[in-house]
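The values are calculated or read from the model by the stated rules, or taken from the named source; none is laboratory data. Everything numeric here is computed off the predicted structure, so don't read it as measured data. Every residue, glycine as well, gets a Cβ built from its backbone with ideal geometry; the counts of neighbours run over all protein chains shown. For accessibility, only protein heavy atoms count, side chains too; no ligands or nucleic acids. Shrake-Rupley method; radii C 1.70, N 1.55, O 1.52, S 1.80 Å.
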Amino acid sequence: MSTTFILSSFEIDEIEKQKKYYENYRAIIIEALKIVQKKRGWVPDSAIVEIAKILNISSSDIESVATFYSQIYRQPVGRNIIRYCDSVVCYLMGYQKIKKVLENHLSIKKGDTTLDKRFTLLPVCCLGNCDKSPTIMINEDLYSKLTPESTINLLESYK
Ligand code: FES
């Protein structure tokens, strides 16, 4: 049985507020997605439809923006988001070893969330920390010059 999805009045108010600042509502799409994600931790399909109605933009346009931005999660994620850089400098500096350690230690592959919902593992383009690669981010924290050992130790500090 499917249930009807409803944005909260807080979410609707926050999105409506943004409409006062922009003539072209396309400029609000990311902010609207962030408003929903902040409240729920991710953006369900049904929220895309609701945002589309509020902004009078097609759901497919909202969806394409949501899909393009890696910071918008289209499925439930863990309490901690690990983003490992797989761009060229990190590649040359051996990000593959870090990725393998993460996957083995957490028993997940990229895009997955651990069973205990502690971590989600996502690839990301350059984190702007190339001179200190290999690099990962956990939530808002950036970590540099990682080794397999330091990576495992790092995970222990996130519950
Ligand atoms: S290539 Fe990895 S941080 Fe830039």
Would you kindly state how much longer the chain becomes between Lys132 and Val88 on full extension, computed as 0.36 nm times their sequence separation minus their alpha carbon distance, in nm to one decimal? 14.6 nm
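Please go through region 4-68 and write out the trypsin sites (Lys or Arg not before Pro) that DSSP classes as loop and that have at most 10 other C-beta atoms within 10 Å. If you can, show how the numbers build up before the last one.
Details: sites: Lys17, Lys19, Lys20, Arg26, Lys34, Lys38, Lys39, Arg40, Lys53; in loops: Lys20.
Passing both the DSSP loop test and the Cβ count: Lys20.
Report the FRET efficiency, 1/(1 + (r/R0)^6), for Ser58 and Thr114, where r is their Cβ-Cβ distance and R0 is 30 Å, rounded to 0.05.
Details: r = 35 Å, r/R0 = 1.18.
Plugging the Cβ-Cβ distance into 1/(1 + (r/R0)^6) gives 0.25.
Tell me the Kirkwood hydrodynamic radius of region 80-157 in angstroms, computed as one over the mean inverse distance between distinct C-alpha pairs. Provide the component values of the computation, followed by the final result.
Details: mean 1/r = 0.0826 Å⁻¹.
Result for region 80-157, one decimal place: 12.1 Å.
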Using θ = phi - 60° and the Karplus curve 6.51 cos²θ - 1.76 cosθ + 1.60, what whole-Hz ³J(HN,Hα) does each residue of region 42-48 get, with Gly and Pro shown as x? 6, 10, x, 3, 5, 5, 4
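What does the highest-first list of 5-12, 128-135 look like by mean Cβ count within 10 Å? Don't skip to the answer; put the middle values down first.
Numbers: 5-12: 13.9, 128-135: 18.1.
Ranking, from highest mean packing down: 128-135, 5-12.
Report, as a whole number in µm² per second, the diffusion coefficient that Stokes-Einstein gives for region 9-68 at 25 °C and 0.890 mPa s using the Kirkwood radius over alpha carbon pairs. Don't skip to the answer; put the middle values down first.
Working: Rh = 11.2 Å.
This corresponds to a translational diffusion coefficient of 219 µm²/s.
Any idea what % of Cα-Cα pairs in the chain are farther than 27 Å? Numbers along the way, then the final one.
Working: 4515 of 12561 pairs.
Here the tail beyond 27 Å accounts for 36 percent of pairs.
Under a point-charge model restricted to the Cβ atoms of Lys and Arg (+1) and Asp and Glu (-1), what is the dipole moment magnitude of the chain relative to its Cα centre, in debye to the nearest 20?
Here the size comes out at about 300 debye.
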Give me the percent of the accessible area of the chain that comes from carbon and sulfur atoms, probe 1.4 Å, all protein chains in place. 54
Distance between modelled label sites at Leu142 and Lys159, nm, 7 Å Cα→Cβ extension: 2.8
